[in-house]
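To keep things clear, I will list the structure first and then write my remarks on it.
The values are calculated or read from the model by the stated rules, or taken from the named source; none is laboratory data. Remember, predicted model here, so these are calculated numbers, not experimental data. We place every Cβ from the backbone using ideal geometry, glycine too, and count neighbours over all the protein chains shown. In case anyone asks, the SASA skips ligands and DNA or RNA and just uses the protein heavy atoms, side chains included. Shrake-Rupley method; radii C 1.70, N 1.55, O 1.52, S 1.80 Å.
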Amino acid sequence: MTSIDFYFNAPDRLQVACRLAGKALAQGKRTLLFAPDPELAQRLDRLLWTWPATGFVPHCSAGDPLAAETPVLIAAEPEAAPSCEILLNLGAERPPMFERYERLLEVVSAEDADRRAGRARYAWYRDRGYEIRHHDLAKAAS
């Protein structure tokens, strides 16, 4: 069964996504960043080119010819992506076919609309018996 991690109170969802993608890369795990909004996907792509300031997170679109060889992928439709161990959701809804991944990472900001959507996803996973780990990023920053 897919294990789920919720990262709450993210000051910047894309920065947290980049950090988590970099961490997964360091652990040798292929990661799919689910960004259903094309503008969000473009912003994420640009950020990954410069994050971290002294490093690089190799990435490409899931439809790119190099996707099979690239450890971090960005996609609007996870079902069309090559096999990955981790799915990181940046959408407001539960990502399709998340069950085929070992882990699902949910990044939720402190904004009201994002929190409401995150709570709905959390309840859906919890009600179906998924193991959920919590990470309060506001407490981690303190």
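Worth a mention:
- Counting only protein heavy atoms and a 1.4 Å probe, segment 1-59 has 51 square angstrom of accessible area per residue.
- Using a Förster distance of 22 Å, the FRET efficiency for K139-D112 (Cβ separation, nearest 0.05): 0.65
- Förster radius 30 Å - calculated FRET efficiency between M97 and K23 (Cβ-Cβ, nearest 0.05): 0.85
- Residues whose amide H comes within less than 5 Å of that of L88, counting only those at least five positions distant or on another chain, are L32, L33, F34, L105 (H built at 1.01 Å from N in the peptide plane).
- Accessible surface of segment 1-106 [probe 1.4 Å, protein heavy atoms]: carbon and sulfur percent: 54
- Per residue, the accessible area of segment 80-142 comes to 56 Å², computed with a 1.4 Å probe over protein heavy atoms only.
- With a Förster radius of 25 Å applied to the beta-carbon distance between R128 and N9, the computed FRET efficiency rounds to 0.55.
- Solvent-accessible surface of protein heavy atoms, probed at 1.4 angstrom with all chains present, puts T50, T2 in the order T50, T2, largest first.
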